[in-house]
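Input: a single structure, listed below in structure tokens.
Only the coordinates and a few stated rules stand behind these numbers; no lab work does. Quantities reported herein were computed from a predicted structural model and do not represent experimental measurements. Neighbour counts are summed over all protein chains in view; Cβ atoms, including those assigned to glycine, are modelled from backbone coordinates with ideal geometry.
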Amino acid sequence: MSEKSLDTALLAIEVLCNIPKSRKIDSHELQQKLADAGYVRDKRSIQRLLKVLAEHFDIEVDDRSKPYGYCWKKNSNGLNIPSLNPQQALVLRLAEEQLKTLLPANIMRSMQVFFEQARSQLNGDNKKREKQWLNKVAIAPTSQPLLPAKVNSKIFETISTALFENRYLMVNYQGQYRSHQAKIMPLALVQQGASSYLVVRYQDDDTPKHLALHRIKSAELSTMFFERPTDFVLKNYVNDAHFGFGNGKLIQLRFSVAQYAGFHLTETPLSADQQILEQSEQHYRFQATVVDSEMLDWWLAKFRDDIWDIEKIEISAT
């Protein structure tokens, strides 16, 4: 088989994989899905291929209006590829909910056929244990829940593409007090509570900054690529409490707390080196190495009169 014939065959398989059973897809949506998978084709070429495939497979063509819609015929098995079992469908359903704001838009689109298959697999039989599991697990908020900030879907797609491909962005950002335009280097996407933030570097400034996604009013993808800086490690950046409004400064924290208010810290400690310096029926005195931050101050303040003798001892860098 020639390279051209192989490419055509692989393209046909990709098209068949993206034709849904439960709804219709048109050539425009299919063109986008193919592009996400690395097959860039003009719409006319895709329409010609769909016409040929419809003649040889159980594909229903809705030609009542343009663009035409395509789906597998009722009771058709579709493309004969391994289907999801109930356990795999459950994993995909949970993943779809948790990852939809963290994966690049093009990858989420390329996964839609699998998400749809997962939903179809779990629909109908309420006695299916895998479906019941969706009503048996949840993530509970640790503070007052807020509705997610609204992010323009097209802007998010542009941002996620730039982040995925290491390309510069031109953004118009509306801050709390003023707006500005800038060329930025996107480094990371972080979700914190109801908001998502883009960690960026501005030109001529190596200090990372946070931009709330919902405050980015426009985003234009640059044709310029950049080398991702090796001195930026997201895990370290988050662990240094930059999202807790800190600067990575380690301190030795000591405090006394009422026994009933601080007992949970004996089960979920502040740090790996946490110690109980004193203990009585009325109180604990803890010591732990933590990153100093405003979030830490908020956490300490919530104990109100149940906490006292708070000490912050700065740890010298070695």
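Past 31 Å, Cα to Cα, is the threshold; run Lys150/Lys235; Lys33/Lys136; Lys154/Lys249; Lys127/Lys154; Lys51/Lys127 against it and keep the listed order. Among Lys150/Lys235; Lys33/Lys136; Lys154/Lys249; Lys127/Lys154; Lys51/Lys127, the Cα-Cα distance tops 31 Å for Lys33/Lys136; Lys154/Lys249; Lys127/Lys154; Lys51/Lys127. The label point for Ser280 and the one for Asn172, both projected 7 Å from the Cα toward the Cβ, are 6.4 nm apart. The HN-Hα couplings worked out from phi for the stretch 256-272 by the Karplus form 6.51 cos²θ - 1.76 cosθ + 1.60 (θ = phi - 60°) are 10, 9, 4, 4, 5, 7, x, 4, 4, 6, 6, 9, 10, x, 6, 7, 5 Hz, whole numbers, x standing for Gly and Pro. For the chain, the mean residue ellipticity at 222 nm estimated from helices alone is -9500 deg cm²/dmol, where every DSSP H run of n ≥ 4 contributes -39500 (n - 2.57) and the total is divided by all residues, rounded to the nearest 500. Both radii are taken from the alpha-carbon atoms of the stretch 240-314; with Rh as the Kirkwood radius, Rg/Rh is 0.95. Here's how it looks for Glu60: its modeled amide H is under 5 Å from those of Cys71, Trp72, Lys73, which are all 5 or more places away or on a different chain.
Going by how many other beta carbons lie within 10 Å of each one, how would you line up Val238, Val15, Val190, fewest first? If you can, show how the numbers build up before the last one.
Details: Val238 15, Val15 25, Val190 18.
Going from sparsest to densest Cβ surroundings: Val238, Val190, Val15.
GNM remark for the chain: springs join alpha carbons under 10 Å apart, and the peak mean-square fluctuation among Met108, Met185, Met295 falls on Met295.
Per-residue 3J(HN,Hα) values for the stretch 184-191, derived from phi via the Karplus relation 6.51 cos²θ - 1.76 cosθ + 1.60 with θ = phi - 60°, read 10, 9, x, 10, 6, 10, 10, 9 Hz in sequence order (x marks Gly and Pro).
For a Förster distance of 30 Å, can you work out the FRET efficiency between the beta-carbons of Lys209 and Ser316, rounded to the nearest 0.05? Provide the component values of the computation, followed by the final result.
Numbers: r = 28 Å, r/R0 = 0.93.
The value I calculate is 0.60.
Among Ser218, Ser293, the ranking by other beta carbons within 10 Å of each residue's beta carbon, starting with the fewest, stands as Ser218, Ser293. With respect to the chain, whose longest principal axis is taken over its alpha-carbon atoms, helix 112-122 is tilted by about 80°. Using the average count of surrounding beta-carbon atoms within 10 Å as a protection proxy, the listed peptides 155-164, 224-233 rank, highest first, as 155-164, 224-233. Relative to the longest principal axis of the Cα atoms of the chain, helix 3-17 runs at roughly 70 degrees.
Ordering Glu14, Glu97 from the fewest to the most neighbouring beta carbons within 10 Å gives Glu97, Glu14. Computed from Cα atoms, the angle from the helix 153-165 axis to the main principal axis of the chain rounds to 80 degrees.
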